[in-house]
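Comments concern the structure below.
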Amino acid sequence: MSNEIQEIRNILQKFQDGYTHRDLTRLDEFILLFEPSAEVEMIGIGASKRGGYEWFEGIDKIREIIEGDWKYWGEVNIDVDGAKIRSHNNVAWLSTTCTLAKTDLTESIPFFLDLVKEKLEDESKLPSERMNDIALFSTNRLSDMQRKIGHTWPQVITMVLVKREKSWQIVELHWSIPAA
């Protein structure tokens with residue numbers, strides 16, 4: 001394994017460590033894994049259009065969603081060793097699997113209600129579309145809450161990283177979950 005591939009795997013391990021420990025006092029340090037620009041992106045499992053729900057652009061938005069993940073999301077376990085990593089010059093990309101294990105979601109209810117409010121107030125959609133979005137979102141969250149602690153959902157993560165001077169930084173991160 002080349003030094004470059006190991007450096008990138010180390011970044012992925014630091015990413016995993018952040019999601020394992022969820023130490024909000026170290027969030028600013030964790031954010032240094034990302035390129036500090038308006039162009040950096042993190043695309044969540046619910047994203048379907050640029051700038052829409054779970055499509056975060058810019059380091060401030062990414063910091064905000066990661067803080068929410070650390071407060072409200074389940075336990076993330078990334079297959080760091082099994083990641084397929086490739087690079088060319090100062091660009092690298094990787095793909096790997098991970099799981100999200102359910103923890104106690106009851107403290108997430110206020111967060112979910114804020115998301116429902118956002119859907120309700122989305123005037124770019126017809127009232128019937130908003131009601132449908134709210135019903136689907138709420139049904140899925142209630143279903144998730146009824147699952148036992150420890151239930152896992154499989155996911156896939158892809159990342160693009162760029163090497164600036166001597167360090168690698170994430171410029172794009174995409175979480176996805178199988179539809180079936």
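General observations
- Computed lengthening from residue 5 to residue 29, 0.36 nm per intervening residue step minus Cα-Cα distance: 6.4 nm
- Spin-label model distance (nm) - residue 124 vs residue 166, 7 Å beyond Cα toward Cβ: 4.3 nm
- Rounded to the nearest 10 degrees, the angle from helix 127-146 to the longest Cα principal axis of the chain is 70 degrees.
- Of interest is the spacing of the C-alpha centroids, which for segment 113-162 and segment 33-87 amounts to 16 Å.
- Per-residue ellipticity at 222 nm computed for the chain from its helices equals -12500 deg cm²/dmol, with DSSP H segments shorter than 4 residues left out and the rest contributing -39,500 (n - 2.57).
- Cross-link reach list, lysines versus residue 163, counting only Cα pairs under 25 Å and skipping chain neighbours closer than eight places: 14, 61, 84
Just so you know, all these numbers are worked out from the coordinates, no wet-lab data involved. Since we're looking at a predicted model, the values are computed, not measured. We place every Cβ from the backbone using ideal geometry, glycine too, and count neighbours over all the protein chains shown.
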